[in-house]
Amino acid sequence: MNLQPQASHFIDGQYVEDSAGRIIECNYPATGEVIAQVHSATPAVIHQALDSALRAQKQWAALAPVERGRVLRRAAEIIIARNRELSELETRDTGKPLQETLVADATSGAQALEFFGGIAPTINGEMMPLGADFAYTRREPLGVCVGIGAWNYPTQIACWKAAPALACGNAMVFKPSELTPLCALKLAEIFIEAGAPAGLFNVVQGYGDVGAALATDPRTAKVSLTGSVATGRKVYAAAADGVRHVTMELGGKSPLIIFEDADLDNAVSAAINANFYSSGQICSNGTRVFVHEAVQKAFIARVAERTARAVIGDPLDENTQIGPLISAAQRDKVLSYIEIGKAEGAQLVFGGAIPAGYDNGFYIEPTLFTGVTDEMRIAREEIFGPVLSVLSFKTEAEVIARANGTEFGLSAGVFTQDITRAHRTVAALEAGTCWINTYNLTPVEVPFGGVKHSGVGRENARAAIEHYTQIKSVYVAMSDVEAPF
Ligand code: NAD
């Protein structure tokens with residue numbers, strides 16, 4: 001399997017190589033096989049990318065918004081037409097089952113482009129009457145925006161950042177995660193095919209140092225990061241030096257609360273999706289599953305029975321439901337958390353090991369712990385793997401307080417048939433996104449982002465426009481200027 005791109009970077013409308021940069025190897029996580037190799041960006045490449053973005057941004061911002069929107073919508077159409085090819089690439093890059101990537105990755109990216117392409121002509125200022133005088137605001141682009149991605153959703157993350165940025169008249173330099181360098185290059189090609197000016201969306205490869213160089217460059221007006229809280233702190237601080245705008249989409253340890261009156265089969269489905277989809281590598285996952293003590297036994301039995309049927313296998317086989325994790329390092333991190341859970345006294349109900357016959361790739365069985373308490377590290381720290389922790393509770397007030405007892409605040413879910421309790425609980429939860437009787441649905445029409453340490457700013461929906469524009473106020477006098485002397 002050779003997926004070697006033409007060159008490492010995509011700048012000013014074409015592939016660019018500088019082999020002086022450190023080598024980044026790209027593995028197929030199901031086998032560990034090297035499928036491509038790229039070079040980390042050198043200072044010369046970073047300079048070229050930012051300079052071309054700066055040039056393209058001026059040209060792009062001068063277009064009528066409806067023309068900008070048309071380019072984004074064309075890009076969405078190309079993605080949809082090429083969904084299978086892009087999904088297969090995403091599966092090879094990330095190891096996520098094709099069954100998932102066909103419906104959740106390029107398609108979600110296309111929806112973002114379609115949505116923001118559609119609303120581009122509606123991104124307006126306001127007019128304020130002031131008696132004879134008046135004022136108006138212009139909603140202007142920020143300039144060159146830097147996007148820095150995580151490895152779990154490489155295409156979606158690139159599109160969720162690029163679509164609102166470009167719709168507002170900005171240009172973007174995007175640095176994918178060093179673990180998944182391939183998909184963003186395809187997006188860059190597609191933008192050119194859709195009619196975007198060269199330099200509008202550039203991709204540079206690299207490790208954290210390249211992200212840091214982009215985040216601190218004087219040409220950068222904004223940094224949008226998707227990554228861990230630890231990286232978020234660094235990038236936020238780096239951006240502060242130049243008083244740059246930021247969007248921070250960071251980690252989580254989200255609660256999924258299942259009350260005693262919940263539809264249990266739906267709650268079990270949600271808990272499975274919220275912990276085992278993408279082998280648990282989803283920021284918004286509901287990894288602290290609070291189950292009312294009255295239904296806990298039945299809940300665990302049903303999760304165990306259904307998970308025993310899960311198909312683990314080659315992610316390129318469309319029947320596979322559970323694929324590998326992204327890397328050996330991530331697998332080992334998750335395995336070490338499983339050991340920590342056992343040592344802390346949580347009971348391992350199922351999973352917890354590398355599935356038999358899968359030692360070459362980076363697989364871990366779906367894993368369930370019960371008897372988990374709030375102080376355990378597996379209940380406090382983001383594991384980012386297929387590990388579901390069940391915590392028992394008795395009352396609504398208790399579970400709300402415990403659900404909020406974390407530095408994170410990305411998401412939360414509530415299962416109950418009681419409509420007033422559902423809304424009351426959600427109102428009390430400290431989270432950027434809440435779901436009632438479902439979990440992890442993130443359509444582009446709905447804002448997405450975190451509170452507390454899980455982030456700053458919002459992606460998706462009109463809310464994202466606030467984070468890719470700045471307001472210029474213009475006062476217009478209609479009469480002579482009075483002065484005291
Ligand atoms: P990470 O923090 O290790 O890396 C994220 C990106 O930041 C990578 O591209 C990396 O090269 C870059 N980076 C690292 N150090 C940097 C620095 N000093 N300056 C600039 N860039 C730097 O995260 P990851 O392991 O790739 O992804 C997993 C994390 O991402 C999890 O914590 C997960 O919750 C989070 N995540 C959040 C969301 C969200 O929308 N909130 C979505 C997906 C993933």
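For region 280-291, state whether one or more residues are aliphatic (A, V, I, L, M), assigned to a strand (DSSP E or B) and at pLDDT 95 or above.
Yes, there is a match, as at least one residue in region 280-291 is aliphatic (A, V, I, L, M), assigned to a strand (DSSP E or B) and at pLDDT 95 or above.
Report, by residue number, each residue of region 414-440 that is within 16 Å of the chain's Cα centre (by Cα) and either surrounded by fewer than 14 Cβ atoms within 10 Å (Cβ to Cβ) or farther than 23 Å from E260 by Cα (or both).
Of everything in region 414-440, just one residue is within 16 Å of the chain's Cα centre (by Cα) and either surrounded by fewer than 14 Cβ atoms within 10 Å (Cβ to Cβ) or farther than 23 Å from E260 by Cα (or both), namely G432.
I need the full set of residues from region 371-382 which are β-branched (V, I, T) and either open to solvent by less than 20 Å² (accessible area, probe 1.4 Å) or more than 21 Å from K297 (Cβ to Cβ) (or both), in order please.
Passing the criteria: V372, I378.
Mind checking which residues of region 401-437 are within 16 Å of the ligand (Cβ to nearest atom), assigned to a loop (DSSP other than H, G, I, E, B) and in contact (Cβ under 8 Å) with a residue 40 or more places away in the chain?
Passing the criteria: T406, E407, F408, G409, L410, A431.
Look through W160, W151 and report the one residue that is of a type in the set (F, W, Y) and either assigned to a helix (DSSP H, G or I) or at pLDDT below 95 (or both).
W160
Search region 271-286 for residues being open to solvent by 20 Å² or more (accessible area, probe 1.4 Å) and of a type outside the set (A, V, I, L, M), and hand back the single one that is nearest to T94 (Cα to Cα).
So the residue we want is Y277.
Could you tell me whether A135 is surrounded by fewer than 24 Cβ atoms within 10 Å (Cβ to Cβ), more than 19 Å from the chain's Cα centre (by Cα) and within 10 Å of the ligand (Cβ to nearest atom)?
So A135 does not fit the description; no.
Looking only at region 226-270, which residues are outside any loop (DSSP other than H, G, I, E, B), within 15 Å of the ligand (Cβ to nearest atom) and either in contact with a Cys (Cβ under 8 Å, 6 or more places away or on another chain) or open to solvent by 40 Å² or more (accessible area, probe 1.4 Å) (or both)?
T226, A230, T231, R233, K234, Y236, A237, A240, D241, E249
Being under 24 Å from K472 (Cα atoms) and charged (D, E, K, R), is that true of even one residue in region 151-162?
yes
Within region 2-109, considering only helices (runs of 4 or more DSSP H) that don't extend past its boundaries, which have at least 2 residues that are among the small types (G, A, S) and out of contact with any strand residue (DSSP E or B) (no Cβ under 9 Å at 6 or more places or on another chain)?
Output list reads 65-81.
When region 202-215 is examined, which residues are found to be buried (at least 24 other Cβ atoms within 10 Å of the Cβ), in a helix (DSSP H, G or I) and among the small types (G, A, S)?
G211, A215 - these are the residues of region 202-215 that are buried (at least 24 other Cβ atoms within 10 Å of the Cβ), in a helix (DSSP H, G or I) and among the small types (G, A, S).
Rundown of residues vs (1) in contact (Cβ under 8 Å) with a residue 60 or more places away in the chain; (2) hydroxyl-bearing (S, T, Y); (3) outside any loop (DSSP other than H, G, I, E, B), yes/no style:
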{"site": "A294", "(1), (2), (3)": "no, no, no"}
{"site": "A304", "(1), (2), (3)": "yes, no, yes"}
{"site": "R309", "(1), (2), (3)": "no, no, no"}
{"site": "L325", "(1), (2), (3)": "yes, no, no"}
{"site": "V334", "(1), (2), (3)": "no, no, yes"}
{"site": "E339", "(1), (2), (3)": "no, no, yes"}
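Picking from K186, K161, which residue would you name as being farther than 20 Å from A239 by Cβ and of a type in the set (K, R)?
Among K186, K161, only K186 is farther than 20 Å from A239 by Cβ and of a type in the set (K, R).
Residue pairs, Cβ under 8 Å, 6 or more apart or interchain, first in region 200-212 and over 18 Å from P5 (Cα atoms), second away from the ligand (no atom under 12 Å from the Cβ) and of a type in the set (G, A, S). List them.
Filtered contacts from region 200-212: L200/A53; L200/A56; L200/A171.
Take the residues in region 57-88 that are over 23 Å from the mean Cα position of the chain (by Cα) and of a type in the set (S, T, N, Q); name whichever of them is most open to solvent (accessible area, probe 1.4 Å).
Q59
Looking at (1) of a type in the set (S, T, N, Q); (2) touching a strand residue (DSSP E or B) at 6+ places or on another chain (Cβ under 8 Å); (3) within 17 Å of G413 (Cα to Cα), find the lone condition where N273 falls short.
Unmet condition: (2).
Taking region 441-455 only, how many residues are within 12 Å of the ligand (Cβ to nearest atom), closer than 20 Å to A270 by Cα and open to solvent by 30 Å² or more (accessible area, probe 1.4 Å)?
Residues in region 441-455 being within 12 Å of the ligand (Cβ to nearest atom), closer than 20 Å to A270 by Cα and open to solvent by 30 Å² or more (accessible area, probe 1.4 Å): 1 in total.
Pick out the one residue from P181, P176, P218, P197 that is near the ligand (Cβ under 8 Å from one of its atoms) and either open to solvent by less than 10 Å² (accessible area, probe 1.4 Å) or in contact (Cβ under 8 Å) with a residue 12 or more places away in the chain (or both).
Exactly one residue qualifies, and that residue is P176.
Looking at this structure, is E398 surrounded by fewer than 23 Cβ atoms within 10 Å (Cβ to Cβ), of a type in the set (D, E), outside any loop (DSSP other than H, G, I, E, B) and out of contact with any His (no Cβ under 8 Å at 6 or more places or on another chain)?
Judged against the criteria, E398 is a match.
Can we say G199 is over 30 Å from A403 (Cα atoms) and part of a loop (DSSP other than H, G, I, E, B)?
It is true that G199 is over 30 Å from A403 (Cα atoms) and part of a loop (DSSP other than H, G, I, E, B).
The values are calculated or read from the model by the stated rules, or taken from the named source; none is laboratory data. The model shown is predicted, which means the values in this text are computed figures rather than measured ones. Counting neighbours? That spans all protein chains shown, and the Cβs are built from the backbone with ideal geometry, glycine included. Note: accessible area is taken over every heavy atom of the protein model, side chains too, but ligands, DNA and RNA are not part of it. Shrake-Rupley method; radii C 1.70, N 1.55, O 1.52, S 1.80 Å.
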